[in-house]
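S.K.: The following block contains the structure, expressed as structure tokens.
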Amino acid sequence: MPSQTSTQPVPITRAADLRQSATELGKSLSKKATITFPSDARWEALLVRGSYPRLSPDYSLVIEVGTESDVQTIVTYATKYGIPFLAVSGAHGWTDTLNRLPYGIQINMRKLNTTTLDKGGKTATIGGGALQWEVTRALFAKGKQAVTGLAECVSVIGPLLGGGHSLLQGQFGYALDNLVSARVVLSDGTVVEASASKNSDLFWALRGAGHNFGIVTSFVVNAYDIKTDWTVYSLIFTQDKLEALFALINKHEDGSISRPAELALTGVFVRIPPIDAKQPVIAYTVAYQGNQAAAAPYAARFQALGPAATTVTANVNYVQLYTVTGNNLDSAACIENHNLLGSGVSLPAWDPVGTRAGFSIFADATADPRFNSSIVLLENYGMKGIRAVDPATTALAPDERTNPILTSPIFWWEGDNEQASKDAHAYAARIKDAFYKGVDKAKGKRHTYVNYAIGNEGLEELYGYEKWRLEKLKAAKRKWDAGNGFKFYAPIV
Ligand SMILES: Cc1cc2nc3c(=O)[nH]c(=O)nc-3n(C[C@H](O)[C@H](O)[C@H](O)COP(=O)(O)OP(=O)(O)OC[C@H]3O[C@@H](n4cnc5c(N)ncnc54)[C@H](O)[C@@H]3O)c2cc1C
């Protein structure tokens with residue numbers, strides 16, 4: 001009797017064997033696809049990441065796909081021979097788990113970058129590798145906008161699969177709340193459509209835990225008419241205003257003062273020596289979708305605290321918003337190939353003691369010249385549109401719909417320096433503990449946004465504490481990715 005293994009494909013477990021066999025694989029790909037090996041001139045360019053070399057998934061080769069069927073061919077091949085693979089779109093994922101790719105194929109999605117406004121103008125179809133600047137500009141040219149995030153260089157699908165925080169979320173919910181359907185290549189290479197009416201369990205799981213189920217080759221989202229421009233107030237507060245400022249921000253969330261859906265609040269701890277040579281400051285943004293007369297009363301609340309500097313920019317359109325808020329392709333947020341480390345914290349309210357403690361740790365960290373350009377994100381973008389959605393209808397953790405605050409230290413440093421990475425991790429952990437002080441004191445449960453995870457969070461912290469939810473998620477995983485091909489980003493298994 002022939003042994004069972006004699007009919008099974010022999011797994012390819014070494015990078016060198018994979019490279020050798022890739023020529024054969026290349027014959028099945030479209031003419032638009034390109035295979036690049038480490039010896040090729042373009043190799044380094046394809047390793048470029050928002051955080052590099054800290055994050056260096058150990059690719060053996062890179063395939064830039066040109067069609068959906070290229071993705072199917074590669075995934076089928078990889079699964080057949082047990083080869084690890086990782087899709088890359090914006091290359092701005094920051095979780096440590098991306099480093100677990102031991103060898104294998106980078107499936108580069110960037111050529112699938114089209115944006116088409118659908119007939120009727122109510123939805124748009126977007127390529128699985130499109131970046132935010134491509135999508136916002138294509139839709140803006142037609143007077144439309146979709147719920148995209150806050151940095152031009154990041155993809156649209158990466159944030160969406162885990163949530164998708166946006167300056168538009170107060171009005172329209174998270175990016176994932178606006179997903180109408182997605183075409184997904186599964187780990188067996190088949191392509192399926194997921195929507196409310198087709199494969200609805202996959203559609204549920206994609207919206208919140210989506211990096212675990214397949215490669216999205218294209219997807220349809222709601223498109224909205226752009227009715228007005230924005231007014232943006234950029235205020236800088238010295239650190240003595242910290243307690244008053246965060247108390248005021250809390251009032252916007254606890255219902256004690258009005259908070260229209262068009263008002264987005266965000267800011268950073270940052271060092272700006274001309275304002276304060278010794279301490280970091282709080283650079284705070286009050287952004288309102290409306291004219292300056294409508295925005296002024298909301299900004300006045302913050303101006304009353306006495307900022308050290310104020311800049312007002314009126315008549316800002318959705319494309320310009322990325323520049324005015326410091327998130328366009330040329331901004332510090334989008335610089336690639338230097339190390340970035342983020343570690344998200346989601347909060348029900350700013351705790352005064354914890355916030356001050358987090359600030360002090362940040363002040364110490366940025367007194368170190370290696371980290372002096374680092375920041376802490378302070379996002380209160382608005383929750384109205386998000387809370388309008390029943391938490392049970394998506395895989396997104398319910399705390400992501402109740403907690404109005406998303407914060408994270410963002411450490412930046414140069415070079416391939418293990419000690420700097422260790423130190424940045426240690427500072428980030430201390431800031432995280434400080435910010436969670438209020439939650440811990442109230443014996444609450446910690447929650448971290450999937451896309452801001454550092455990589456050491458538990459399943460419940462990322463995906464929610466309800467038993468039924470985790471069971472449903474695991475059941476979906478067993479059904480749609482039984483072999484666990486998708487395991488390098490906020491993994492369920
Ligand atoms: C500068 C910066 C700004 C950010 N701004 C925001 C923001 O405003 N709102 C917000 O919510 N988050 C934001 N984030 C976090 C962001 O959501 C994540 O970093 C996200 O993973 C980035 O996606 P990417 O495609 O750019 O990165 P990648 O590293 O290319 O991808 C991240 C993960 O998504 C997977 N993936 C990529 N493409 C596909 C696909 N087509 N189908 C299936 N899986 C895919 C990858 O395999 C990987 O696991 C920001 C991050 C940075 C660094």
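S.K.: If you wrap the stretch 345-441's Cα atoms in a convex hull and average its projection over all directions, what's the area in nm²? Intermediate results must be reported in sequence, preceding the final value.
M.R.: Details: hull surface 29.9 nm².
Over all viewing directions, the stretch 345-441 projects a mean Cα-hull area of 7.5 nm².
S.K.: Output the Kirkwood hydrodynamic radius of the stretch 115-226, Cα pairs only, in Å rounded to one decimal.
M.R.: The Cα-based Kirkwood calculation yields 13.8 Å.
S.K.: If the reach is capped at under 15 angstrom between alpha carbons, list the aspartates and glutamates near Lys467, excluding any in the same chain fewer than eight residues apart.
M.R.: Answer for Lys467, where 15 Å is the Cα cut-off: Asp399, listed by chain and number.
S.K.: Given the DSSP H assignment, sum -39500 (n - 2.57) over each helix run of at least 4 residues in the chain and divide by its residue total; what's the result at 222 nm in deg cm²/dmol, nearest 500?
M.R.: About -9000 deg cm²/dmol.
S.K.: Give me the number: length gained by fully extending Ala261 to Lys384, i.e. 0.36 nm times residue separation minus the C-alpha to C-alpha distance, one decimal in nm.
M.R.: Roughly 43.7 nm would be gained on extension.
S.K.: Between Val493 and Asp201, how many nm apart are label points set 7 Å from Cα along the C-beta direction?
M.R.: 1.4 nm
S.K.: How do the peptides 137-148, 395-406, 315-326, 167-178 rank, highest first, by the average count of neighbouring beta carbon atoms within 10 Å per residue?
M.R.: 167-178, 395-406, 137-148, 315-326
S.K.: Still on this structure, I have one more. Please get the size of the charge dipole for the stretch 230-463, origin at its Cα centre, with Cβ charges of +1 on Lys and Arg and -1 on Asp and Glu, quoted in debye to the nearest 20.
M.R.: Dipole size: approximately 680 debye.
S.K.: Now for a different question. If you take the beta carbon distance between Lys422 and Glu24 as r and set R0 to 41 Å, what does 1/(1 + (r/R0)^6) give as a FRET efficiency, to the nearest 0.05?
M.R.: 0.45
S.K.: Short version: ³J(HN,Hα) in whole Hz for each residue of the stretch 117-133, in order, from phi by Karplus 6.51 cos²θ - 1.76 cosθ + 1.60 (θ = phi - 60°), x for Gly and Pro, what are they?
M.R.: Computed from phi, the couplings for the stretch 117-133 are 6, 6, 4, x, x, 9, 9, 10, 9, 10, x, x, x, 6, 9, 4, 5 Hz.
S.K.: Okay, next question. Along the three principal axes, how long is the chain when you take its alpha carbons, biggest first, rounded to the nearest angstrom?
M.R.: Extents along the principal axes: 83, 55, 46 Å.
S.K.: Name the residue from Leu117, Leu101, Val192 whose Cα lies farthest towards the positive end of the charge dipole of the chain, charges +1 on Cβ of Lys and Arg and -1 on Cβ of Asp and Glu.
M.R.: Val192
S.K.: Roughly how big is the stretch 399-452's charge dipole about its Cα centre, with Cβ charges of +1 (Lys, Arg) and -1 (Asp, Glu), in debye to the nearest 20? Numbers along the way, then the final one.
M.R.: Values: 9 positive and 8 negative charges, 106 e Å.
That gives a dipole near 500 debye.
S.K.: Calculate one ³J(HN,Hα) per residue across the stretch 463-475 by plugging θ = phi - 60° into the Karplus curve 6.51 cos²θ - 1.76 cosθ + 1.60, and present them in order as whole Hz with x for glycine and proline.
M.R.: 10, x, 9, 6, 5, 4, 5, 5, 5, 5, 5, 5, 5
S.K.: Follow-up question, since we're still on this one. About the Cα centre of the chain, what is the dipole size in debye to 20, counting +1 per Lys and Arg Cβ and -1 per Asp and Glu Cβ, all else neutral?
M.R.: So the magnitude is around 800 debye.
Read-outs throughout are calculated quantities, based only on the coordinates presented, and are distinct from any laboratory measurement. As the structure is a prediction and not an experimental result, all values here were calculated from the model. Quick reminder, even Gly has a Cβ in these numbers, built from the backbone with ideal geometry, and neighbours come from all protein chains shown.
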